[in-house]
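Take a look at the structure below.
Coordinate-derived values only; no laboratory data. Just so you know, these numbers come straight off a predicted model, no measurement behind them. Cβ sites come from the backbone with ideal geometry, for glycine too, and all protein chains shown count toward neighbours.
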Amino acid sequence: MRKTDRYRYLLVLVGLVVLHFTVRERLGGDRIAPDFLLLALLIYTIRAQPGRSAAAGFVIGLLRDALTPASFGAGALAHTLVGYLSSWAKAVFFAENVFVNGWLFFAGTWLRNLVVLLASGRLAGAQLGWELLVWSPLQSLTTAAVGIGVLWLFSGWLAIRRGDA
Amino acid sequence: MALGADRYASRADTLLFLGCVGLSVAAMSLPDNWRDPIAQGLRQTVLAPFLALQQQTELLSAARAHYDAVVAQRDSAALAATFLPELRNENGRLRSLLGLGVRLAWGYVPAEVLHQPEPTNPLTFVVSAGRRNGVRPLSPVVSPEGLVGVVATVDAKTSVVLTWAHPEFRVSAIAADGSVSGIVAPHGAAGPEVWLLELQGVPFRQQVPEGTVILTSGLGGVFPRGIPIGRVVGLGGEAKGWERTYLIRPAIHPAALSHVMILTAARGSGSDLRGAFQSDSVGP
């Protein structure tokens, strides 16, 4: 792996973080707009070891909890689980196909929302059902679509198949 | 290069994962007086540039949305500049664009809502005004439609708003005609009436007709009197023949907000903001 590859890889991740705080609100409502920050984490987990992925998830989750104190800690837990499981699943399932990655983005987003909702305990009943069966799948779908697009556009930069991260 | 068995979780990975899970659970268990300073510190340091970026994007978006109006105003201003008497009214015309701001007249701070994608965002959200703008904890937060919530935590440049949907939110309320008073709280998270409020503590002998507008009563010293909360949509329940609870459709849903106004100045006990809000702000 060349040094420039690593910088390009970081550039894509930083770009996703910037997109999260700039254009995301213009891509639909909060509930369905793609989650670029989570996408950056999931793309990071493609190359990173599960432990580092869990740590990255924890940091991102904690930062997000600072922005939504109603569920403080729940985001950290959710992102930790998603980061670890995503990295582990990549190793186990040997996912090279872009659509398998898309499915991983979809499942990761939905799982994140599930854990946040359950761990925060703020929603229940019909409201929980709507969030998990309607809004979360929609957000997962948009996030996965953007993720597939990013992988397709930057496949050379991301060099998804690596074992040295 | 293929992903192989070397990518499976090692013992170090597992320990790191368990450590992060433990820290997350610890964060969830923190009491408010520990949790708030941590969240506040993160917002003021690591997240500050990102929140500033988001705020600037919001401003840019609003600027683009109003571009045509601004161009029209500029043309009007250029035309008006040829007529000196018109200039005297210029400030008044521009102020009229502020809508609610003009009606409130003083003691408020406008702020952008910095939405986040988490499902719990409608319960608490961050706004782009903080201590430097005069915002204090427990400052009421309103929109042209009515009550939004109350400021829970204040940072230098941002604040956290606890909306009416949050389970801990309470406000003293009164019917628009003054006939009934009670406490308004979120109705709860379960059942078909989600995202509704409920008026609690209404004496059993008093009936509240459907469609009655409910306002803040001004009791308690947090919310001024006269802010629309919502409109009664039906009976929510009865407590053993001595109390009734009524369901209220809120004036505005937090997720629908892009901008809010934070009331920063304490108003006198006799003040009534009813005239500041549109009479039809609480839908039919």
Measure off 7 Å from each Cα along the Cα-to-Cβ vector at B:TYR67 and B:SER10, then give the distance between these two points in nanometres to one decimal. 5.3 nm
Shielding of A:55-65 by partners, i.e. mean partner chain Cβ atoms within 10 Å per residue? 5
Relative to a virtual label point 7 Å from the Cα of A:VAL14 in the Cα→beta-carbon direction, which members of segment A:41-73 show backbone nitrogen distances below 14 Å? none
If you count, for each residue, the other Cβ atoms within 10 Å and average over each peptide, how do B:57-70, A:33-46 line up from highest to lowest? A:33-46, B:57-70
Taking Cα centroids, how far is segment B:31-51 from segment B:122-149 in Å? 17 Å
Provide the packing ranking of B:9-15, A:78-84, B:255-261, i.e. peptides ordered by the mean count of other C-beta atoms within 10 Å per residue, highest first. A:78-84, B:255-261, B:9-15
Across all Cα atoms of segment B:106-279, Rg and the largest Cα-Cα distance (Dmax), in Å, are 15.7, 50
